[in-house]
Amino acid sequence: MFKIKKKIDKPKAPVLYNIIEDYSEFDAPGNVTVCAMTQKEDLSGHAKILSESYEVPLDTMTTLLTEGGAYVYPQISGLLTRGLFACLVDSTGGSPKQTFVLDLMQFAEAEQLARARSLPLVEAALEIFRRTLSQELKTKLQQKNLGLDYRMLDRAVAKGGDIKYIDFRKDWSPHFKRLCIMPDGRLIETGGLEEFAQLHGITISEVKTLVEQGGTLEVNGEVLACQIVNGQPAVARFSTKNYTKAKELVATKGLHLMDALSEVGYSDPAMMRGLVRKELTSGR
């Protein structure tokens, strides 16, 4: 007797962006990834995901995405450890909604500018934020729809019309994919700390420490290595064989382990193929 398996439709994750431009190689704090959307905004989905990504209360995030404004992160033990999250909404609809974050130094500059010019904090924050961006991005932001040639865009993207919102992102969230180079040269894409933890068989806290602070983490005889470049984590996993070679270089040449792993990785044909593919992908 045959059993008939029922097809269970899994709920699809909301699509937040259909245009992504990477400027993360630019100098911090202007190192951002431009994530834009031409389709109609799913406000509840957008708010939920940004709330999770930036640790802003959902109700507050929904209000920000509706009305615009700034959320200043609360003090911890009397100290301010994070800057602010801002959302700029053009009530006339002439320009897309924009969200971004400021670090502590930028936040202090924004507060000074707001007081000096009697500006709303969100306007001062936008000016401070834009000062740090690459000239290429500054120029694009002055043009309609980032100056994109819609004739060259995918039809599904172009038919959405004008860009509805832009999120200037730096985070590692379930809805913002990043690549990890594996020992055999495969590039595996994961979104969020939980998915990354499952891939490598480690804990959420270990992932969080690795991608926020950089460094290495031993995993079943292999090693995960993370370099923070302009505030962005770049991760690779090295085989037991390559990890052993790296430790030998540390012992014989006095290299730092991260430098030794880089040297071993660049001499490994399989990993180099992965690196080349990553460069080709990011250069598109």
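Okay, here's what the table says:
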item: MET152-LYS177 FRET efficiency (beta carbon distance; Förster radius 25 Å; 0.05 resolution); result: 0.60
item: Candidates per trypsin sites (Lys or Arg not before Pro) in the range 152-247, loop by DSSP, up to 15 other Cβ within 10 Å; result: LYS159, LYS177, ARG186
item: Exposed-loop-free span, longest in the chain, where GluC sites (Glu not before Pro) count as exposed if DSSP calls them loop and at most 15 other C-beta atoms lie within 10 Å; result: 56-284
item: 19 Å Cα-Cα reach of LYS164 towards aspartates and glutamates, excluding residues that sit fewer than 8 places from it in its own chain; result: GLU21, ASP22, GLU41, ASP42, GLU67, ASP90, ASP149, ASP154
item: Dipole of the range 112-209, positive end: most advanced residue of PHE129, TYR165, THR139 [Cβ charges, Cα centre]; result: THR139
item: The range 75-105 versus the range 26-64: alpha-carbon centroid distance in Å; result: 10
item: Radius, Kirkwood style, for the chain when every pair of distinct Cα atoms is counted (Å); result: 21.2
item: Cleavage-rule hits, trypsin sites (Lys or Arg not before Pro), the range 20-121, DSSP coil, Cβ neighbours within 10 Å at most 14; result: LYS40
item: Separation of the GLN198 and THR139 label points, Cα + 7 Å toward Cβ, nm; result: 4.3
item: Additional length obtainable on full extension of the chain from GLU127 to GLU21, 0.36 nm per residue less Cα span; result: 36.1 nm
item: Whole-Hz couplings from phi, Karplus 6.51/-1.76/1.60, listed for the range 35-42; x for Gly and Pro; result: 10, 10, 9, 9, 7, 4, 5, 8
item: Sequence-separation-based contact order of the chain, relative, with Cα cut under 8 Å and 6+ spacing, percent; result: 16
item: Inter-site label distance for LYS208 and THR252 at 7 Å from Cα along Cβ, in nm; result: 4.1
item: At R0 = 41 Å, FRET efficiency that the Cβ-Cβ distance of SER44 and THR216 yields, to 0.05; result: 0.55
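Values in this text are rule-based calculations from the coordinates and carry no lab data. None of these values were measured; they are calculated from a predicted model. Every residue, glycine among them, receives a Cβ derived from its backbone with ideal geometry; neighbour counts consider all protein chains shown.
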